[in-house]
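Read the structure below first, then the notes.
The values are calculated or read from the model by the stated rules, or taken from the named source; none is laboratory data. What you are looking at is a predicted structure, and each value in this text was computed from that prediction instead of being measured. All Cβ positions, glycine included, derive from the backbone under ideal geometry; neighbour counts span all protein chains shown.
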Amino acid sequence: MFMRSRARRRPAPAPLAAAPVDGRPLRVLLPTGLAALAKESGIGAAIRHQESAVRSLGHEVVTNPLRPFDVVHLNTPFPDTLLLARWARLRRRPALVWAHSTEDDFRDSFPGSNRLAPMFRRWIAHLYRRGDTVVTPSQYSKDLISAPKYGLRAPIRVLSNGVDTTFFRPDPSARERLRDSLGLAPEAQVVISVGMQLRRKGILDWVEVARRMPEVTFVWYGRTDPRLLTAEVEKALADAPANALFPGYVQAEQLREAYCGADAFCFLTKEETEGIVLWEALACGIPALVRGIPLYRDAMPDGVLTHQVTGDGPGFAGEVAQRLEALLTGELEDLTAAGRRAAEGVDLDEVAQQLQEIYRLAGVLPARSSQIVTAGA
């Protein structure tokens, strides 16, 4: 949940061949509201990706719920999502609710998150049940929210959040620029990770791997409000070795430079529903070493798109360091071409075509009425 991503807004593409429904474009409500609070997170990136997909299909994006709309996309676990779902029901318009979050990926996030996780699951399940269709980014997350404790009855569709492969693409010239920006020697080895500074994102293990490999520079892009850091993460950041750098939040262009210029992407997250940053990394052609969580073990087995180390506990960082050393020295198979091809399979244009099919299955049609709703109505 709330994965940091620097995905930038994609230039408006020419409409795809998939024609608007019934010869007329849909008016798709992508409300702003409290969603603005998530603009720097993975959910924020997903919303921007949806906007790009909607426009590429020739449909109209509406942000004000008081304007006419034919379908609404609801993405956040904030209170206004419930109000917007009720508004759509009142207007007799279908609501597509995106299940980006689960109880599992809420754990190990913020102080008290483990105690609050069951309550959070009841809340998001209540929101997801308001959808006429529930959309989730992977088969793994679909399996999680299909459990009886979520109580979902609406159809659940799988749709990747996607990646902009026209923006995130290999660029060998970025290697020198990245080292210049970090003040490193041209031959320096650089390993990066991207995300919020959370235990769930694997930052404790990542710092320990950096400690075991002092000859390599480790760079973590992304930050968390210091007020939301757990004590153990605060300590890990304060005691991090000198070869571990934390530039914080960076813009999309800087993040692309990092993906393209680094020697490896080390993503030790413990739980994801998809992980947009991994798709960004693969799109840029960077070798990737990830923790072998169920999502990645099933969707991209070890040695196919990524190299993986499965496990946790005291010995995990040592195993990662050994595997990472083998990756950096070229002992492991080069999977970057396969990773790039896989990323192209979830490019935003591909996602748009699948979104059009979800509209069809949900029975979304252009409304005959175009009457504007006013505040006094």
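Evaluate the following for A317: is it over 18 Å from the mean Cα position of the chain (by Cα) and either assigned by TED's automatic domain parsing to the domain that holds P214 or closer than 25 Å to V207 by Cα (or both)?
Working: over 18 Å from the mean Cα position of the chain (by Cα): yes; either assigned by TED's automatic domain parsing to the domain that holds P214 or closer than 25 Å to V207 by Cα (or both): yes.
So A317 passes the test.
Only strands (runs of 3 or more DSSP E) wholly contained in the stretch 131-220 count here; list those with 1 or more residues that are in the same structural domain as L335 (by TED's automatic domain parsing) and among the polar types (S, T, N, Q). Working first, answer last.
Values: elements: 133-136, 156-158, 190-194.
Qualifying strands (runs of 3 or more DSSP E): 190-194.
Suppose the filter is over 22 Å from A45 (Cβ atoms), in contact (Cβ under 8 Å) with a residue 12 or more places away in the chain and touching a Lys or Arg at 6+ places or on another chain (Cβ under 7 Å); does A188 pass it? Answer is yes for this residue.
Got a sec? Which of V216, V163, V209 is within 17 Å of the chain's Cα centre (by Cα) and in contact (Cβ under 8 Å) with a residue 24 or more places away in the chain? Please lay out each step first, then the result.
Details: V216 fails: within 17 Å of the chain's Cα centre (by Cα); V209 fails: within 17 Å of the chain's Cα centre (by Cα).
Of V216, V163, V209, the one residue that is within 17 Å of the chain's Cα centre (by Cα) and in contact (Cβ under 8 Å) with a residue 24 or more places away in the chain is V163.
With the condition kept exactly as written, say whether any residue in the stretch 70-87 is crowded, with 19+ Cβ neighbours inside 10 Å and free of Cβ contacts under 8 Å to residues at least 24 places away in the same chain. Checked the stretch 70-87: at least one residue is crowded, with 19+ Cβ neighbours inside 10 Å and free of Cβ contacts under 8 Å to residues at least 24 places away in the same chain.
Residues in the stretch 259-286 that are in a helix (DSSP H, G or I) and over 21 Å from D205 (Cα atoms): C260, G261, W279, E280, L282, A283.
In the set Q251, Q308, which member is touching an Asp or Glu at 6+ places or on another chain (Cβ under 9 Å) and either buried (at least 21 other Cβ atoms within 10 Å of the Cβ) or over 21 Å from T136 (Cβ atoms) (or both)? Full working, then the answer.
Details: Q251 fails: touching an Asp or Glu at 6+ places or on another chain (Cβ under 9 Å).
Result of the check over Q251, Q308: Q308.
Against the conditions (1) within 25 Å of M213 (Cα to Cα); (2) over 14 Å from the mean Cα position of the chain (by Cα), T269 satisfies every one except (2). Taking the listed residues L198, L228, the one that is under 28 Å from G292 (Cβ atoms), exposed (fewer than 15 other Cβ atoms within 10 Å of the Cβ) and either under 21 Å from the mean Cα position of the chain (by Cα) or among the aromatic types (F, W, Y) (or both) is L228, with no other qualifying.
Being out of contact with any Asp or Glu (no Cβ under 8 Å at 6 or more places or on another chain) and either over 29 Å from G183 (Cα atoms) or surrounded by fewer than 21 Cβ atoms within 10 Å (Cβ to Cβ) (or both) narrows it down to one residue among A326, A262; which is it? It would help to see each step written out before you state the result.
Values: A262 fails: either over 29 Å from G183 (Cα atoms) or surrounded by fewer than 21 Cβ atoms within 10 Å (Cβ to Cβ) (or both).
On inspection, the qualifying residue turns out to be A326.
Out of the residues in the stretch 144-160 that are hydrophobic (A, V, I, L, M, F, W, C) and within 19 Å of the chain's Cα centre (by Cα), state the one that is surrounded by the fewest Cβ atoms within 10 Å (Cβ to Cβ). Steps first, please.
Here is the first cut: in the stretch 144-160, the ones hydrophobic (A, V, I, L, M, F, W, C) are 144-145, 147, 152, 154, 156, 158-159.
Subsequent filtering for residues that are within 19 Å of the chain's Cα centre (by Cα) retains 144-145, 156, 158-159.
Values: L144: 22, I145: 22, I156: 19, V158: 15, L159: 21.
So the residue we want is V158.
Taking V163, is it touching a Phe, Trp or Tyr at 6+ places or on another chain (Cβ under 7 Å) and under 17 Å from G345 (Cβ atoms)? Quick ask: steps written out before the conclusion?
Values: touching a Phe, Trp or Tyr at 6+ places or on another chain (Cβ under 7 Å): yes; under 17 Å from G345 (Cβ atoms): yes.
Criteria met by V163.
The residue of the stretch 31-54 that is farthest from V97 (Cα to Cα), among those that are buried (at least 21 other Cβ atoms within 10 Å of the Cβ), at pLDDT 90 or above and of a type outside the set (A, V, I, L, M, F, W, C), is S52.
Taking the criterion of being of a type in the set (A, V, I, L, M), in contact with a helix residue (DSSP H, G or I) (Cβ under 7 Å, 6 or more places away or on another chain), closer than 20 Å to L57 by Cα and at pLDDT 95 or above, the residues of the stretch 341-377 that qualify are V346, L348, V351, A352, L355, V364.
Taken together, the residues in the stretch 135-155 that are over 16 Å from D104 (Cβ atoms) and touching a helix residue (DSSP H, G or I) at 6+ places or on another chain (Cβ under 9 Å) amount to 4.
Can you tell me which residue within the stretch 332-348, out of those that are of a type outside the set (D, E) and under 21 Å from A46 (Cβ atoms), is surrounded by the fewest Cβ atoms within 10 Å (Cβ to Cβ)?
Step one: filter the stretch 332-348 for residues of a type outside the set (D, E), giving 332, 335-343, 345-346, 348.
If we keep only those that are under 21 Å from A46 (Cβ atoms) as well, we get 339, 342-343, 345-346, 348.
Values: G339: 25, A342: 19, A343: 24, G345: 13, V346: 23, L348: 24.
Among those that are of a type outside the set (D, E) and under 21 Å from A46 (Cβ atoms), it is G345.
Residue-wise test of (1) at pLDDT 95 or above; (2) within 17 Å of R27 (Cβ to Cβ).
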| site | (1), (2) |
| --- | --- |
| P65 | yes, yes |
| P68 | yes, yes |
| V72 | yes, yes |
| L83 | yes, no |
| A88 | yes, yes |
| R92 | yes, yes |
| V97 | yes, no |
| T102 | yes, no |
| D105 | no, no |
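Name the helices (runs of 4 or more DSSP H) wholly inside the stretch 287-362 in which the number of residues that are within 21 Å of D164 (Cβ to Cβ) is 3 or more. If you could, list the steps in order and put the result at the bottom.
On the way: elements: 294-299, 316-328, 336-344, 348-361.
By residue number, 336-344, 348-361.
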